[in-house]
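Just below is one structure, and these are the notes that go with it.
Where a number appears in this text, it was derived from the coordinates with a stated rule and is not lab data. None of the values given here were measured: they were computed from a predicted structure.
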């Protein structure tokens, strides 16, 4: 199999490969194989989720909201630093 790159893309691949301590061909091969592995894991996770749904093994939205409320509650949740306070507002489910 051949893959064709523009001269600019080849230059960029050569720079990234050099930084990674490998050659461009090995870098591209590793990236392609990682993509295939990630795709297989994603499909497996989707199938796992579908099987759980068929078994009735899932959380309803209300139950997940309750879990998040408990997780982020001042008495039972993690310490929330000031930089996260703003993002915490998005999790409010009042």
Expressed in nm to one decimal, what extension gain is obtained for the pair residue 55 and residue 29 from 0.36 nm per residue of sequence separation less their Cα-Cα distance? 5.4 nm
Mean shadow area of region 1-58, taken as a quarter of the surface of its Cα convex hull (nm²): 5.9
